[in-house]
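Student: Below is a structure I'd like to ask you about.
Just so it is clear, none of the values below were taken in a lab; they were calculated from the coordinates. Quantities reported herein were computed from a predicted structural model and do not represent experimental measurements. Because the Cβ atoms are built from the backbone with ideal geometry, glycine has one as well, and the counts that use them run over all protein chains shown.
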Amino acid sequence: SEDFVGHQVLRISVADEAQMQKVKELEDLEHLQLDFWRGPAHPGSPIDVRVPFRSLQAVKVFLESLGIKYKIMIEDVQSLLDEEKEQMLTAKAR
Amino acid sequence: AWVRSTDAFNYATYHTLEEIYDFIDLLVSENPQLVSKIQIGNTYEGRPIYVLKFSTGGNNRPAIWIDTGIHSREWVTQASGVWFAKKITEDYGQDASVTAILDNMDIFLEIVTNPDGFAFTHSKNRMWRKTRSKTAGSLCIGVDPNRNWDAGFGEAGASSNPCSETYRGKVANSESEVKSIVDFVQSHGNIKAFISIHSYSQLLLYPYGYKSEAAPDKEELDQLAKSAVTALASLYGTKFEYGSIIKTIYQASGSTVDWTYNQGIKYSYTFELRDTGRYGFLLPASQIIPTAQETWLALLTIMEHALNHPY
């Protein structure tokens with residue numbers, strides 16, 4: 001089973017079309033294995049992207065170098081998944 | 001076998017495909033006069049695709065279609081679908097709105113619209129969204145079942161790359177999970193409202209997604225969406241935005257409700273349920289029931305409107 005240890009979900013806020021295009025370029029870089037939970041739509045609407053641990057540094061440097069704002073929406077995807085699984089097991093036991 | 005009745009079923013936790021299919025059989029066995037199970041096809045991997053039919057009689061009555069889980073990782077939607085199914089059986093004969101709707105219309109509810117993908121989220125990859133079909137010439141698996149419909153298929157708003165999460169597939173209706181619904185809708189021929197439920201972002205969307213031209217019924221769809229999200233917010237204050245797909249989020253081609261709208265099903269809507277991003281697809285199970293309860297109020301608003309505005 002795929003594990004998501006260290007994966008983070010970033011919420012990116014683009015200020016204009018130019019920044020939007022830059023984020024769209026990220027979408028095409030398959031080696032980064034990015035998973036857009038909310039795709040790039042238009043400036044003002046948030047972009048949520050799950051970033052594998054090994055791509056985190058590169059993506060953050062890329063965004064910061066272009067002055068594109070982001071915040072960490074989910075610190076560690078795996079810990080939420082562990083909680084979810086735990087909750088299901090507890091419920092089943094009950 | 002694990003529970004004796006749907007009253008004992010735990011609606012406040014996420015369930016596996018097998019548990020949901022067991023629930024469906026139990027619900028049908030408890031309500032043989034009202035509920036039946038229809039198999040509309042098989043998935044790529046050969047799993048049966050089930051739709052619940054809620055009917056009080058008549059022949060090919062005007063109908064309402066609700067589906068959840070077409071994107072398999074959006075777990076709160078399948079869980080809400082289970083809750084809706086139970087709610088309908090509890091409220092028929094008790095609640096005036098539900099009783100009026102079912103005395104005149106049928107309701108079709110497809111709880112697990114992407115069974116292969118859903119099974120895969122439980123077994124291998126919780127983040128899986130697409131179907132599990134193989135694409136000749138590519139190592140990547142799966143097609144986005146919400147880009148595979150014959151409505152603007154192939155235009156901007158979907159990807160031609162099999163490795164993309166929004167890969168549209170080689171041809172429209174290539175996915176059996178999609179084709180099964182297409183065939184069902186076309187053979188039934190009397191569906192008046194079609195509601196496809198996704199998560200997340202808290203949106204209520206209507207056509208079009210593949211073009212910026214306004215839908216001919218935009219005014220009515222917009223007014224009804226406003227009433228629906230107002231009803232939804234009345235329970236817990238959850239705020240939804242509403243509007244056309246292309247204006248409210250982005251251009252999306254080959255989407256379900258664009259196709260159903262083009263079939264003449266006027267009340268075609270897509271929901272994006274909780275939340276706005278704190279948990280996204282990993283919405284805690286504690287929010288399943290409140291999410292389902294508030295969404296139900298919006299669904300009732302749309303269903304009542306369809307009942308009172310025959311066309």
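Student: Past 29 Å, Cα to Cα: identify those pairs from B:53/B:134; B:134/B:266; B:86/B:239; A:22/B:239; B:87/B:170, in the order given.
Tutor: With Cα atoms farther than 29 Å apart: B:53/B:134; B:134/B:266; A:22/B:239; B:87/B:170.
Student: Excluding residues on the same chain fewer than 8 positions from residue A:60, give the aspartates and glutamates whose Cα lies under 20 Å from its Cα.
Tutor: Here the aspartates and glutamates satisfying the reach criterion relative to residue A:60 are A:16, A:17, A:25, A:27, A:28, A:30, A:35, A:48, A:75, A:76.
Student: For the range B:1-66, just say rounded, prolate or oblate: build the C-alpha gyration tensor, square-root its eigenvalues into a ≥ b ≥ c, call rounded for a/c under 1.5, and beyond that prolate if a/b exceeds b/c, oblate if not.
Tutor: oblate
Student: Sticking with this structure for a sec: Which pairs, out of B:124/B:226; A:69/B:247; A:24/B:226, put more than 29 Å between their alpha-carbon atoms?
Tutor: The answer is B:124/B:226; A:24/B:226.
Student: Could you give the semi-axes, largest first, of the ellipsoid that matches the range B:118-232, computed as the square roots of 5 times the alpha carbon gyration tensor eigenvalues and rounded to whole Å?
Tutor: They are 28, 17, 15 Å, listed largest first.
Student: Still on this structure, please answer the following. Which order results if B:278, B:147, B:126 are arranged by neighbouring Cβ count within 10 Å, fewest first?
Tutor: In order of increasing Cβ crowding within 10 Å: B:278, B:126, B:147.
Student: Would you mind computing, in nm to one decimal, how far apart the modelled labels at residue B:12 and residue A:42 are, each placed 7 Å from Cα along Cα→Cβ?
Tutor: 4.1 nm
Student: Would you work out which of B:230, B:56, B:78 lies farthest towards the positive end of the dipole of chain B? Charges go on Cβ: Lys and Arg +1, Asp and Glu -1.
Tutor: Highest projection toward the positive end goes to B:78.
Student: Sum -39500 (n - 2.57) across every DSSP H segment of at least 4 residues in the protein assembly as shown, then divide by the residue count to get the 222 nm mean residue ellipticity, nearest 500.
Tutor: -12000 deg cm²/dmol
Student: Let me check against my output: what whole-number percent is the relative contact order of chain A, with C-alpha pairs under 8 Å and at least 6 apart?
Tutor: For chain A, the relative contact order is 42 percent.
Student: Still on this model: Beta carbons within 10 angstrom, averaged per residue: use that to sort the peptides B:168-174, B:96-102, highest first.
Tutor: Ranking the peptides B:168-174, B:96-102 by packing returns B:168-174, B:96-102.
Student: Under the definition of partner shielding as Cβ atoms of other protein chains within 10 Å of a residue Cβ, what is the mean value for peptide B:277-286?
Tutor: 6
Student: Which of the DSSP-defined H helices in chain B satisfy a minimum axial length of 27 Å, computed from C-alpha atoms, and a minimum mean Kyte-Doolittle hydropathy of 0.5?
Tutor: Length and hydropathy pass: B:288-308.
Student: Given the convex hull of the Cα atoms of the protein assembly as shown, what is a quarter of its surface area in nm²?
Tutor: Reported value for the Cα convex hull: 18.7 nm².
Student: On each of the three principal axes of the Cα atoms of chain A, give max minus min coordinate, whole Å, ordered largest first.
Tutor: 53, 25, 19
Student: Would you mind listing how long the range B:25-163 runs along its three principal axes, going by Cα atoms, in whole Å with the largest first?
Tutor: 53, 34, 23
Student: Kindly identify chain B as rounded, prolate or oblate by the Cα gyration tensor criterion: order the square roots of the eigenvalues as a ≥ b ≥ c, call it rounded if a/c is under 1.5, otherwise compare a/b with b/c, prolate if a/b is larger, else oblate.
Tutor: It is rounded, given that a/c, with a ≥ b ≥ c, falls under 1.5.
Student: Shape verdict for the range B:43-106, please, from the Cα gyration tensor: rounded (a/c under 1.5), prolate (a/b greater than b/c) or oblate.
Tutor: oblate
Student: Out of every Cα-Cα pair in the range B:184-311, what percent are more than 24 Å apart?
Tutor: Within the range B:184-311, distances greater than 24 Å cover 26 percent of Cα pairs.
Student: Would you mind calculating the relative contact order of chain B from Cα pairs under 8 angstrom and at least 6 residues apart, reporting the percent as a whole number?
Tutor: 21 percent
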